[in-house]
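> What follows is a single structure, and I will ask about it in a moment.
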Amino acid sequence: MRRILGLVVLAIIMVPMARAQQVPVTSYVLENGMEVVVIEDNRAPIVTHMVWYRVGAADEPMGKSGIAHFLEHLMFKGTEAVPDGRFSEIIEANGGDENAFTSQDYTAYFQQVAVDRLPLMMEMEADRMRGLILDDAAMLTERDVVLEERALRTDSNPRSLFSEQRDAAQFLNHPYGTPIIGWPNEVNALTLQDALDFYVRFYAPNNAVLVVAGDVKPEDVLALAEQYYGPLSPSEGITKRLRPQEPPQRAERRLVYRDARVATPYVMRTYLAPNRQSGAQQKAAALSLLADVLGGGGITSLLGQRLQIDEGIALSTGAFYSGLSYDPDTFGVYVVPKPGISLEQGEARLDATLEYLLENGVDPARLARSKASLLASEIYAMDSQRGLAQRYGAALTSGLTVDDVQAWPDILQAVTEENILAAARELLDIRRAVTGYLMGEEEMDQ
C-alpha cells in the first residue's frame, strides 16, 4: 500500500511539474507558406535551428525507394554561394554542430550554434532550399556512399534484415513497408534526374517547417525568417499527402528469418495500430500506456514480471509504440527466451500474458508507475534544447499541431484503466498481426 501511495503522489506532483516545464512557443506562417515555430529557451546563449520538410521515404515515387534519404546526402553537395564541402566547414569554423536525418514522414536538417550565428545558419539553409547544384559525378559518388551505408547498417545486421522483412510483411500496400534507406536494386538505379525532380517538387518553403529553439525572441526570429526564407518561391507541386492505404488485414501473417550470425533468437509480434490524431490523441495515449504497462521498465513491467521473474523463461521482454507517424503504424511486443526455451514456447507464454491482461486488468501500482515514467520522459526531453526542437518538428510534420504537442502530457495523465483495456481489446487481434521468429542456423536444423 505504501508503494502504491508513493507512486500516486509522484504522479500528482509531476503533473504541475510538467505544466511548469512548458516553454513559450510561438508560431507564424510566412506569405510563401513556410511555417515558423519559435521555442524560447533562455538557459544558455545558444540556438538550435532546424528545417523540417514534410516529405519522407513514404512519399517517394513507386520504384524510387531511397530517394528521400539519398537527397538528404546530396543536400551537402553545395550551391553557387556555398560550394561543395563548405557548408559543414563553415558550421564547424563557427563552433557549431549539425546533422540531418530522414524518416518515413519527414526529412530534417539542423545546426546548433551561438545565438549570434543564427542569421548565418538561416542564410545558408535558405540558400540550399532552392539553390542546390548537382551533377552526375556528385550523384554517383553519393549513391555509392548510400549503398555502403546500407551494407554496413542493414545487410550486415540480421536484426535489421529481420525488421525490414517484417515491415514488408506488415504493409502490403502502404509505403511504410519499404525501407527508408531503400531496396538495393532501386537505389542503384537512381539517377540525377530522379534527385532533381524530387528536390524541385518537395524542397520548398510551403512544404517546410522552420523550428528555432534557444535564447531568442519570437519577433526577432520572425524578422530573420522573413529576411532569409521569405523571398523563396513556393512550389506548385505541393498538395495534401495522399498515400496508398493499407487494406483491412483479415489473416495472421507469420515469417521466420534464419541467419547464421544470430546468437540470441527472439520472437516479435507487431499489430497494425492507429497513430496520434490531431485533436483526438486519446486512443494513442491509451496505447502508449499499454506499451509501458506491458513492456516498459524491464522486469517491473507485466511481461518482465511474469516471463523473466515468475516463470524464468525469458532473458528479456518488451513492448513498443510511438504513435507519432503521419499514417497508422504498429504496436509491438517481443520475447527473448532463455537458452533451452524454444521460440514457440516463448510465443505461447507471451500470448498467455496478453490474455492475463485482458482478463485481470491493469494493476493500479503499475499504471501509476507507467504514467509517472512517461511524464518523466516528457519532462526530461524538455531539458535538451535540441530535444525541444525535435519534439515539435517531428509532430508538426506528422500531422499534429503545436496545441496537440502541448496537450499530450495531460492527455496521457487522463487515461484510465478502462481506456487501456478498450484499446488492448481492439488492438490485440492476431488476424491483424505479423509474428516473426529470428533464429540462427542451429534452430533451423532442430
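> Taking the Cα-to-Cβ direction at Ala352 and at Ala189 and moving 7 Å from each Cα, how far apart do the two end points lie in nm?
Rounded to a tenth, the inter-label distance reads 4.9 nm.
> In addition: Can you tell me how the chain classifies by the Cα gyration tensor, rounded, prolate or oblate, using a/c under 1.5 as the rounded cut?
Judged from the Cα gyration tensor, the chain comes out oblate (a/c at least 1.5, b/c at or above a/b).
> Still on this structure: How large is ³J(HN,Hα), in whole Hz, for each residue of region 184-193 in order, when computed from phi with the Karplus curve 6.51 cos²θ - 1.76 cosθ + 1.60 and θ = phi - 60°, using x for Gly and Pro?
Computed from phi, the couplings for region 184-193 are x, 5, 6, 4, 5, 9, 5, 10, 4, 5 Hz.
> Counting Lys and Arg as +1 and Asp and Glu as -1, each charge on the Cβ, what is the dipole of region 67-188 about the Cα centre in debye, to the nearest 20? Walk me through the numbers on the way to the answer.
Details: 10 positive and 22 negative charges, 80 e Å.
Computed about the Cα centre, the dipole is about 380 debye.
> Which of the three applies to region 215-281, rounded, prolate or oblate, going by the alpha-carbon gyration tensor with a ≥ b ≥ c and a/c under 1.5 meaning rounded?
Verdict is prolate for region 215-281.
> Averaged per residue, what accessible surface does the chain expose to a 1.4 Å probe, in Å²?
44
> Return the Rg/Rh value of region 252-339, two decimal places, where both radii are evaluated on C-alpha atoms and Rh is the Kirkwood radius.
Working: Rg = 14.9 Å, Rh = 14.2 Å.
Using only Cα positions, Rg/Rh for region 252-339 is 1.04.
> Can you give me the angle between helix 158-170 and the longest principal axis of the chain, using Cα atoms only, in degrees from 0 to 90, rounded to the nearest 10?
90
> Give the longest segment of the chain that steers clear of trypsin sites (Lys or Arg not before Pro) in DSSP loops with at most 16 neighbouring Cβ atoms within 10 Å, not counting the sites themselves. Can you show the working numbers first?
Numbers: sites that count: Arg43, Lys240, Arg241, Arg250, Arg261.
Result for the longest clean stretch: 44-239.
> Quick one: of the DSSP bridges fully inside the chain, what percent are antiparallel, nearest 5?
Working: 48 of 60 bridges.
Here the antiparallel bridges make up roughly 80 percent for the chain.
> Shifting gears a bit: Once both axes come from the Cα atoms, what is the angle between helix 402-413 and the longest principal axis of the chain, in degrees from 0 to 90, rounded to 10?
With rounding to tens, the tilt is 20 degrees.
> Show me the GluC sites (Glu not before Pro) within region 306-357 that DSSP assigns to loop and that have at most 16 other Cβ atoms within 10 Å of their Cβ. List each step's numbers first, then the result.
Working: sites: Glu311, Glu344, Glu347, Glu355; in loops: Glu311.
Filter output for region 306-357: Glu311.
> Something else now. Checking the cross-link filter: which aspartates and glutamates have an alpha carbon closer than 16 Å to that of Lys371, excluding same-chain neighbours under 8 positions apart?
Asp292, Asp363, Asp410, Glu417, Glu418
> Moving on to the next point. Carbon and sulfur: what percent of the chain's accessible surface (1.4 Å probe)?
Values: 10150 of 19410 Å².
Carbon plus sulfur share of accessible area: 52 percent.
> Report the relative contact order of the chain, percent, no decimals, based on alpha-carbon pairs under 8 angstrom and at least 6 residues apart.
Relative contact order for the chain comes out at 23 percent.
> Among Thr191, Thr141, Thr107, which one shows the biggest mean-square fluctuation in a GNM of the chain, springs joining Cα atoms closer than 10 Å?
The residue that fluctuates most here is Thr141.
> Calculated from DSSP H runs of 4 or more alone, at -39500 (n - 2.57) each and per residue, what is the 222 nm mean residue ellipticity of the chain, nearest 500?
Per the formula, -13500 deg cm²/dmol.
> What angle, in degrees between 0 and 90 and rounded to the nearest 10, separates the Cα long axis of helix 118-130 from the longest principal axis of the Cα atoms of the chain?
The angle comes out at about 90 degrees.
> Relative contact order (percent) for region 120-193, with alpha-carbon contacts under 8 angstrom and 6 or more residues of separation?
Once normalised by length, the contact order is 35 percent.
The values are calculated or read from the model by the stated rules, or taken from the named source; none is laboratory data. What you see is a predicted model; the values in this text were computed from it and never measured. No Cβ is skipped: glycine too gets one built from the backbone with ideal geometry, and neighbour counts run over all protein chains shown. Ligands, DNA and RNA are stripped out before the accessible areas are found, and what is left, the full protein with its side chains, is counted by its heavy atoms. Shrake-Rupley method; radii C 1.70, N 1.55, O 1.52, S 1.80 Å.
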